């Protein structure tokens, strides 16, 4: 279904990602953000995340 999260395209948001990184280490933050976006650009990965039965399934999508 998704949730109303004031998205740019007006569609309900189905995946939300939070990244925690030290304030003084922007390089780590940017590397993690780039890796997350690389995974989420792939439609099959998004489907796998949305169909995941538990957190371990989601982690495995990012490990592949």
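Derivation of every value follows stated rules applied to the coordinates shown; laboratory data play no part. Computed from a predicted structure; not experimentally measured. Cβ atoms come from the backbone with ideal geometry, glycine included; neighbour counts cover every protein chain shown.
Rank these for me by crowding, 47, 1, going from fewest to most other beta carbons within 10 Å.
Exposure proxy ranking, most exposed first: 1, 47.
Please report the orientation-averaged projected area of the chain, defined via the convex hull of its C-alpha atoms, in nm². Working shown, then result.
Working: hull surface 21.3 nm².
Its average projected convex-hull area is 5.3 nm².
Which angle between 0 and 90 degrees, to the nearest 10, do you get for helix 26-40 versus the longest principal axis of the chain when only C-alpha atoms count?
With both axes taken from Cα atoms, the answer is about 20 degrees.
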